[in-house]
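All remarks here apply to the structure that follows.
We did not get these values from a lab; they are worked out from the coordinates using the rules stated. It should be emphasised that the depicted structure is a prediction, and the values quoted were computed from it without experimental measurement. Please note: Cβ atoms are built from the backbone with ideal geometry, for glycine as well, and neighbour counts cover all protein chains shown.
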Amino acid sequence: MGVALARAAQWTAGGPRTGRLEITPWNESLLNQIIKFAEEFSTKHPEEAAFVFREPLEWKTQLGSSVFGEGYEINQRTVQSEARSRDGQPLLLLSGSTLRVRSFDQLSRLLQIAMEKKLKEAKACLEANRDPIVKILGREYGTAEGEDMSILHLFDKVKSGDDPETEMKMRIILFLRQLDLQLLNSSLKRISQDVRLSPAAVNSEVSLLKNFSGKGEDTVLASLEYTSDYVFPNGCRAPPWRQLHGEICYLVIKPHDTAPLYITCSTAGVFLNGVSNNKGYHAVMNIFILCQRIVNSFFCEQPVTFLREESIQNCSCWTIRRSLNHNLLKNILEKMISGFVSFLNKPKSHDKASKKDTKEEGRSSAVSVKMKKKASGISSKSVKSQQASKRYGKTSSSFEDVSESSSGSEDEQPIRRQEGITDLSPEYWGIQKLAKYVKGGDPTATLIALCSMRDFNMAQESCQLAVRDTGCLEVLINLLDTEEIKCQTGSLKILKEISQNIQIRHAIADLGGLEIMVKILDSPDKDLKSLAAETIANVARFKRARKTVRQNGGIGRLVALLECVSVGTPCQAEGTEIARCGALALWSCSKSTKNKKAIRKAGGIPLLARWLKCSDANILIPVVGTLQECASEPSYRLAIRTEGMIENLVKNLRSEHEELQMLCASAIFKCAEDEETRDLVRQHGGLQPLSVLLDNSENKQLLAAVTGAIWKCAISIENVSKFRGYKTVETLVGLLTDQPEEVLINVVGALGECCQEQINRSTIRSCGGIPPIVKLLTATNQALLVNVNKAVGACATEPENMTIIDSLDGVRLLWSLLKNPNPDVQASAAWALCPCIENAKVS
């Protein structure tokens, strides 16, 4: 069992010796197998179950004395088993919250007593006893670095003499080893399901097979060739639009005795194609190769002139550098390829949202620095060439990390600023005057200039852009890398304010500011750490910045900020502020799937659960924000349930802060996908405050979160009965008009689930809800249409409702939705038609 715990179980960053078991579906499966083994041990092996452990298994339990009954001596402070060892020691002893167990028989009985808490008890036991075999049999049978030497040790003892206790240990160690193998086999099956092919693995296998291909008699294949010689930077040979589906490359294999085979290699495996249709593919790949040759020949014959700033203080001193930047070449080629691919895939009608994102990325990528030019022979053409090369240098990182995903948008829409503006504010010129003191003064002068700069309103766009245009932004970032605490603090205070601007955020990331701020998180100065974390929270609102934070070890450092103080202890306002800033940064970073995994690996879940018990809304908002962002992952939903966070989320639904209410409702919305969570929301009294919050129809974000939580909770029929008592259905019907789509989707979904009860179907009709529901059948949002179809179908089971639906031409609208291109809409429309046909007067 020690080998399985060390190798198969998933531990937090501390590892199996110092960390904790992660709350993941896989660990839950392992624990359930161990619990089943321990519960059945006394029945299957009664003789071995009576064996007394060398040392007791000891851990902190959540069980109270009240759960123990017959067979135990219960005092005020302790619980002892009536069964005792030869030396008179009880085989089970509960003292305070410390539990000691000395036999499998008592362990089996304890797990049966624990009922629904057995999973937590098993987890606590294994965390406190990392190598249980040492406690059961002795240190000579322990697991060293994942290697189990106990069998060899027992063989030596059996050979040396005939000892009944040794034979007993032999049987026990064989049972435990059988469990170990069972756990490791389960782990192997899980790992084999997660393994994916990579371009490197495919290339290696193809190279190996090519060694056995040719015209000779001793070869197994006549030939093995790729369909294209062009290799993308990520190692794939498939075109980018096929890489999105996991495809790596395509092969043509010619055996000696059959027709050629056409193979597709993808991350999911290797597949045999039915037919070969590669004409279009070859044409596109040939264009890619042609683009590469054109770019290579152009740069070999005509090197581009680059401009380099010689010194910060002397902005007009420039030198000409003639060299070829390989990375720039690669980026230009990738830009040409991606542009060509987007042209090929360009639909006839563009999505407005995608247009907006593209424009935004283009604006945010080109962070310009204002330069003074002297008449030194530099033509305007050279400057334009430089600016173009900069734009190409800031290409998307999709080729570098195709698996990086984000649950949020790349960034919010930037504020438009008129170019070439001449009427600059007095603040702009004031900051420009201070710039020379920030750049060229000694530490004292720099500090004074920073303090003076803070007197300006840095929330104004003109002040923010003045800092950038005067070259102060680079200096502020350089000051972070000094040993002057006061200069670092002053710089971070300004960066925290101006990083609210999207252009400044991208500029900070481009200048390497995030890497320095991540290092500052290790500083002993608490104010400095707080400022760095809050600035990271502002900057990490776009994908590349979140990736930079993770790759530089920022996630673990931010999680560590949550450990600075114990919740509820007095005089800890400073530590609470550090934790608040750390939670803000984690909230921004948690929009990335990889960052969510990193937060879990760093042990962030128990710390977030601890802070969730706090009553301070200032820290609760970022903590709940992080949790609701991460709740899209099944492992987090399991953790939120098992760590008892649902009770606190329900409690905060009654908060006076609407943002906190919205975040808690959103977290419940995502977590209530699981039946156990829906039951917990009901048991902790969460359905009533959700129903009350429906009255706040002005705050649309809050309304969308609350209606979403009600929708998911209503999947359980027990919750529907509770909602009926709170008059929730009537309130939901009133929200069917004049609401945004995100609210309507949830409202109609909730009404569809409430239709599980006949009385609610009648209530919807009596409140006039059927006409607005049928009217929504003409909507275009596919998620809304799916829910509307389900609601109409559920209402149509009542003949009176069906009469109204038929009079509103609802049946015809459902028939028309069978032609919708979305299969979910088609399926839901088909299901809705069934009760309509059954209950229609003329079908």
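Can you list residues from other chains, or at least 5 along the same chain, whose modelled amide H is less than 5 Å from the amide H of W11?
The answer is E22.
Contour minus end-to-end for K117 and K44, with contour as 0.36 nm per residue of separation and end-to-end as the Cα-Cα distance?
Working: separation 73, 0.36 × 73 = 26.28 nm, distance 2.34 nm.
Extra length available between K117 and K44 comes to 23.9 nm.
Report the residues of the range 521-540 in range of a label on C451: point 7 Å along Cα→C-beta, backbone N strictly under 16 Å from it.
none
By counting other Cβ atoms within 10 Å of each Cβ, how are M170, M802 ranked from fewest to most?
Fewest-to-most Cβ neighbours within 10 Å comes out as M170, M802.
Which whole-Hz ³J(HN,Hα) couplings does the range 426-433 yield from phi under the Karplus relation 6.51 cos²θ - 1.76 cosθ + 1.60, θ = phi - 60°, glycine and proline marked x?
x, 4, 4, 5, x, 5, 5, 5
State which entries of K613/K712; K496/K596; K591/K670 exceed 19 angstrom in Cα-Cα distance in the structure shown.
As for pairs spanning more than 19 Å Cα to Cα, those are K613/K712; K496/K596.
Just to verify a number: FRET efficiency for S807 and A617, C-beta to C-beta distance, R0 = 41 Å, to 0.05? Before the final figure, lay out the partial values.
Numbers: r = 50 Å, r/R0 = 1.23.
Here the calculated transfer efficiency is 0.20.
What distance in nm separates the two pseudo spin-label positions at S523 and T780, each 7 Å out from Cα along the beta-carbon direction?
5.1
Once all Cα-Cα distances of the range 423-511 are split into 10 Å bins that start at 0, what whole-number percent is in each one?
For the range 423-511, the pair-distance distribution reads 18, 57, 24, 1.
Subtract the Cα-Cα distance of N185 and R654 from 0.36 nm times their separation in residues, and report this length gain in nm to one decimal. Spell out each step's value before the answer.
Numbers: separation 469, 0.36 × 469 = 168.84 nm, distance 4.75 nm.
That pair, N185 and R654, stretches by 164.1 nm at full extension.
Given R₀ = 30 Å, what would the calculated FRET efficiency be for E461 paired with D481, taking r from the Cβ atoms and rounding to 0.05? Mind showing how you got there, number by number?
Numbers: r = 27 Å, r/R0 = 0.91.
Taking R0 as 30 Å, the efficiency between E461 and D481 is 0.65.
Where nothing but the Cβ of Lys and Arg (+1) and of Asp and Glu (-1) is charged, how large is the charge dipole of the range 677-766 around its Cα centre, in debye to the nearest 20?
Working: 9 positive and 10 negative charges, 59 e Å.
The dipole magnitude comes to about 280 debye.
Mind checking the alpha-carbon convex hull of the range 199-277 and giving the volume per residue in Å³?
Numbers: hull volume 7.6 nm³, N = 79.
Given the Cα convex hull of the range 199-277, per-residue volume reads 96 Å³.
Calculate the FRET efficiency for A827 and A268 from the Cβ-Cβ distance with a Förster distance of 30 Å, rounded to the nearest 0.05. List each step's numbers first, then the result.
Values: r = 25 Å, r/R0 = 0.84.
So the FRET efficiency works out to roughly 0.75.
State the extension gain, in nm to one decimal, for the chain segment bounded by L208 and Q758, taking 0.36 nm per residue of separation less the distance between their alpha-carbons. All intermediate terms of the calculation are to be shown ahead of the outcome.
Numbers: separation 550, 0.36 × 550 = 198.00 nm, distance 6.67 nm.
191.3 nm is the gain from fully extending L208 to Q758.
Would you calculate the separation in nanometres between label points at C767 and S85, each defined as 7 Å from the Cα along the Cα-to-beta-carbon direction?
The answer from the label model is 6.5 nm.
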